[in-house]
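K.L.:
Have a look at this one.
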Amino acid sequence: MSEKAESKIHFSQDKVNLFLALCAIIISAASFYATFLQANAAEKQVKAATWPWMQFVSGNANLEQRSQEITFTLKNSGAGPALVKYLKYTYDDKSYYSVYDLISACCFDIRAYETALQELQKKSPKVNFFKEFGWITTSFAQNALVPPGDSLNLLAFEKTKYNEKFWQVLDKKRFKVKVEVCYCSLLENCYISNGQGDTKEVAMCPAIVESKPIVKATPLETKKAAN
């Protein structure tokens, strides 16, 4: 009788030890899971605090100067800086990585336009042809760092009585221009956006192939058209 009782007690102690070991494993797993959730939440908070959101804006009026001016702007409406890897323009199913090539394809030869103004300026230095004809200012987005709340001015083309024909063509065609911008945050999280709110995260920005310059008119032809 005594041997059976001892065996029963010994068996019960083994069960208790096993139960305690299982509880320790469960507690450790729960603690690890809680730590994982905290780390994951902290990572999401940091990601949200450094998340850039790029918007492409096109307009035809400068309210500050009260003038008619076509502008292309890339604005960072997010919480963190954006490192722009590339900005691709699309017009008539063709892609361009330069605003010069885009305008030459859709509207007029911007390079010839600038060359014509430079030639006129050399012949008559006392006249500011750049101001009278409407100088075109551009900038490249590739590898540009845009702080949160800041903008990158891609194109500015003010309307004058001399460039009205070119200005109206660009003002009409700009609505057919689509963009794709790929940019990364400081944490190297990268995104591709259409500049209108449709954004998706990607592992990395794909490499781009630069488009070749487009020539549609000679400087003389552009000069005559401007007149």
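The values are calculated or read from the model by the stated rules, or taken from the named source; none is laboratory data. Note that the coordinates shown come from a computational prediction; the quantities given were computed from them, not determined experimentally. Glycine gets a Cβ as well: all are built from the backbone with ideal geometry, and neighbour counts include every protein chain shown.
K.L.:
When you scan region 132-197 for strands (runs of 3 or more DSSP E) that lie fully inside it, which ones turn up with 2 or more residues that are touching a residue at least 12 places away in the same chain (Cβ under 8 Å), in the same structural domain as Val99 (by TED's automatic domain parsing) and under 14 Å from the mean Cα position of the chain (by Cα)?
P.N.:
Strands (runs of 3 or more DSSP E) meeting the threshold: 151-158, 178-184, 190-193.
K.L.:
Among the residues of region 77-89, write down those that are under 11 Å from the mean Cα position of the chain (by Cα) and under 27 Å from Trp167 (Cα atoms).
P.N.:
Within region 77-89, Tyr86, Leu87, Lys88 meet the criteria.
K.L.:
Quick one: how many residues across region 186-200 are more than 24 Å from Lys176 (Cα to Cα) and either of a type in the set (Lys, Arg) or surrounded by 10 or more Cβ atoms within 10 Å (Cβ to Cβ) (or both)?
P.N.:
Qualifying residue count, region 186-200: 4.
K.L.:
Tell me yes or no: at least one residue of region 95-115 is in contact (Cβ under 8 Å) with a residue 60 or more places away in the chain, surrounded by fewer than 15 Cβ atoms within 10 Å (Cβ to Cβ) and not in a strand (DSSP E or B).
P.N.:
No, every residue in region 95-115 fails to be in contact (Cβ under 8 Å) with a residue 60 or more places away in the chain, surrounded by fewer than 15 Cβ atoms within 10 Å (Cβ to Cβ) and not in a strand (DSSP E or B).
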